Amino acid sequence: MEDLVTRHRLTTKQYLVVSSLLFGLFFGAGNLIFPLHLGQLAGGHWVGAAVGFLVTGVLLPLLSVMAIAVTRSEGVYDVGRPLGAAFALVFMVLIHATIGPLFGTPRTASVSFTVGVAPFVDKAHQQVALLVFSAVFFLLAFAFSYHENSILANVGKVLNPAFLALLFVMFLVAFLRPLGNPMSVPATSAYLHNALVNGFLQGYNTMDAPAGLAFGVTVVHAVRQMGTKSGNQVAKVVAKSGMVAMGAVAAIYLLLIVTGAMSLGRFKLSADGGVAFTQIVNYYGGVFGQVVLAVLITVTCLTTAVGLVAAFAQDFHKHFPKVSYHVWLALTTLASFLAANFGLDTIIAWSTPMLMFLYPLVLVLILLSVLSPLFNRDSVVYFFVVLFTVVPALGDMVVAFPKVVSQSAFGQMVAAWRMKLPLASMGMSWLLPAVLGALLGVAVHVWRNRQEAGAGAVDD
């Protein structure tokens, strides 16, 4: 008889709880500013750009959580484990460093400052203001994480819905009083012919696919705590809840992209989505609207920062136990504070090359994990796919660096070699090699299985 625990079905309310958890984990600072800026970049070509963005910004994060559920992993480390302990450890460090103190966590403070504080500070004093703001911001993040206090999380349960409600009010006003026609505003040159691919690459900036690998275990654990123990049932619950959560995220993305495109009817292309958001809110809501949204987005970003620094400290303490949780927490908080003071534009400029390298690896490992039951999670398939992916991904990283690296003699040499690869001009030079690696890996897997089956038959 099938175990009653295995057959346990969640109620609609429980599904909504899991959906809410997924939404809260994925919707942060970057999810607001990058689709808005994408709309400005794509202009009248926003439809194709939106499709590409939704693949990396919605589908991949959902699959990343599914990968954790299917492989029954306990975190990022386990996802890379088929390639050996050394690779898994390096992969974990790269993921946590990227979504943590190097780029993701500093961005929570820099977005809050750009949207909430910068409009009220004279340009001559903005660097000092950013220093003070980020110091207070990360001291609070450290304090809440240190004491493992749930106050901020509880406040977030109230303020996050309030923020989303005000965001939808902005959408409503923006569509009732549009600044321009989103189908006729001009697009930047990169989006005239390759809107879908460029939208796909812009989705890297959300960092949600690698974050899904880091936070996926939290979701899976929550589902199991509700009484669902079977691996297949957990995967089904995650999939159903994920569709609801990521459907909501997709709707917000689409509205932000269209709003960004419409804003070109009045404003020029902004340097980043934070500036664009400030311009739009000021136009429709004035100073009062700006102040209210500034407070809400700051608390929302602070909640995200608390989760990121705590996740970093917990995972690093687990794998490097000689250093305490509190020391790791202090290190990641301090590093995030220092990185935040380089400013939002600099953070984005230097995070892009890292994401150009990391995202292809994340993507193939997610797909390999989800499909792993088909080849018994054979390490040889992982080996060939990752090997054929990592080399061109390194080339994509080098050419994506700011000019100080990409225009150097080394950068130009790499660029010349990289342009010989298919799809390199689109920033997708890794794609066909990854497919070739998958075909080769599966072929070796099948051949080895047949060899073992033949050897077994001879022994009999």
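Please report, for the Cα atoms of the range 151-297, the Rg to one decimal and the Dmax as a whole number; what are they, in angstrom?
18.7, 54
Rg to Rh for the chain: what is it, with Cα atoms only and Rh by Kirkwood?
Expressed as Rg/Rh, it is 0.98.
Report in % the part of the accessible area of the range 353-459 that belongs to carbon and sulfur, leaving out ligands and nucleic acids; probe 1.4 Å.
Carbon and sulfur together cover 72 percent of it.
State to the nearest 20 debye the size of the charge dipole of the range 370-460 about its Cα centre, where the only charges are +1 on K and R beta carbons and -1 on D and E beta carbons.
Details: 6 positive and 5 negative charges, 99 e Å.
Dipole magnitude for the range 370-460 comes out near 480 debye.
By how many degrees, between 0 and 90 and to the nearest 10, does the Cα long axis of helix 379-400 differ from the longest principal axis of the chain?
For 379-400 against the chain, the angle is about 30 degrees.
Relative to the longest principal axis of the C-alpha atoms of the chain, give the angle of the C-alpha long axis of helix 273-319, reported between 0 and 90° and rounded to the nearest 10°.
Tilt of helix 273-319: around 30 degrees.
When the Cα atoms of the range 18-74 are enclosed in a convex hull and the volume is divided per residue, what value in Å³ results? Write out the running numbers ahead of the final one.
Numbers: hull volume 5.1 nm³, N = 57.
It is 90 Å³ per residue.
Lys322 to Phe87: FRET efficiency via 1/(1 + (r/R0)^6), r the Cβ-Cβ distance, R0 22 Å, to the nearest 0.05?
Working: r = 22 Å, r/R0 = 1.00.
Efficiency for this residue pair is about 0.50.
Quick check: at a probe of 1.4 Å, how many percent of the accessible area of the range 196-349 sits on carbon and sulfur atoms?
68 percent
Hey, any idea what the orientation-averaged projected area of the convex hull of the range 340-460's Cα atoms comes to, in nm²?
Averaged projected hull area, Cα only: 9.9 nm².
Each label point is 7 Å from the Cα along the Cα-to-Cβ direction; what then is the distance between the points at Val136 and Ala453, in nm?
Result: 6.8 nm between the two label points.
In µm²/s, what is D for the range 65-134 at 10 °C and 1.306 mPa s, where D = kT/(6 pi eta Rh) by Stokes-Einstein and Rh is the Kirkwood radius from Cα pairs?
D = 109 µm²/s.
Mind checking the per residue accessible area of the range 12-341 for me, 1.4 Å probe, whole number of Å²?
That works out to 39 Å² per residue.
Working with all protein chains in place, sort Lys123, Lys403, Lys322 by solvent-accessible area computed with a 1.4 Å probe, largest first. Don't skip to the answer; put the middle values down first.
On the way: Lys123 180, Lys403 155, Lys322 205 Å².
The residues order as Lys322, Lys123, Lys403, largest area first.
How much FRET efficiency would the formula 1/(1 + (r/R0)^6) give for Ala165 and Val128, where r is the Cβ-Cβ distance and R0 is 41 Å, rounded to 0.05?
On the way: r = 34 Å, r/R0 = 0.82.
Computed FRET efficiency for Ala165 and Val128: 0.75.
Taking a threshold of 27 Å on the Cα-Cα distance, which of the pairs Lys13/Lys236; Lys123/Lys268; Lys240/Lys318 fall above it? Working shown, then result.
Numbers: Lys13/Lys236 16 Å; Lys123/Lys268 19 Å; Lys240/Lys318 31 Å.
In this structure, Lys240/Lys318 exceed 27 Å between Cα atoms.
If the only charges are +1 at each Lys and Arg Cβ and -1 at each Asp and Glu Cβ, what is the size of the charge dipole of the range 161-315 around the Cα centre, to the nearest 20 debye?
For the range 161-315, the charge dipole is close to 320 debye.
At a 1.4 Å probe radius, which order do Met243, Met183, Met397, Met207 fall into by accessible area, largest first?
Met243, Met183, Met397, Met207
Taking every pair of alpha-carbon atoms in the range 256-392, what share in percent sits in each 10 Å bin, from 0 to the bin with the longest distance?
9, 21, 29, 25, 13, 3
State the dimensionless ratio Rg/Rh of the range 185-252 (Rg: radius of gyration of Cα atoms; Rh: Kirkwood radius). Please list the in-between numbers first.
Working: Rg = 17.0 Å, Rh = 14.5 Å.
Value, to two decimals: 1.17.
Roughly how many debye, to the nearest 20, is the charge dipole of the chain about its Cα centre, given +1 on each Lys and Arg Cβ, -1 on each Asp and Glu Cβ, and no other charges?
480 debye
Working from Cα positions, state the angle (0 to 90°, nearest 10) between the long axis of helix 208-225 and the longest principal axis of the chain.
Around 70 degrees separate the two axes.
Could you look at the range 65-141 and say what percent of its accessible area is carbon and sulfur, using a 1.4 Å probe and all protein chains? Please list the in-between numbers first.
On the way: 2000 of 2870 Å².
Accessible surface attributable to carbon and sulfur in the range 65-141 totals 69 percent.
Just going by the charge dipole of the chain, with Lys and Arg at +1 and Asp and Glu at -1 on Cβ, which of Phe87, Thr206, Met356 is farthest out on the positive end?
Thr206
If you count only protein heavy atoms and use a 1.4 Å probe, how large is the accessible surface of Leu139, to the nearest 10 Å²?
We get 120 Å² for Leu139.
Dividing the alpha-carbon radius of gyration of the range 1-141 by 2.2 N^0.38 Å (N being the number of residues), what value is obtained? Don't skip to the answer; put the middle values down first.
Details: Rg = 20.2 Å, N = 141, 2.2 N^0.38 = 14.4 Å.
Here the answer is 1.40, to two decimals.
Which residue, chosen from Gly44, Val234, Val386, occupies the Cα position most advanced towards the positive end of the dipole of the chain, where the dipole is computed from +1 (Lys, Arg) and -1 (Asp, Glu) charges on Cβ about the Cα centre?
Gly44
The values are calculated or read from the model by the stated rules, or taken from the named source; none is laboratory data. Just so it is clear, the structure is predicted and the values come from calculations on it, not from any experiment. With ideal geometry, Cβ positions are generated from the backbone for all residues, glycine too; neighbour counts draw on all protein chains shown. These accessible areas exclude ligands, DNA and RNA; they are computed on the full protein's heavy atoms, side chains included. Shrake-Rupley method; radii C 1.70, N 1.55, O 1.52, S 1.80 Å.
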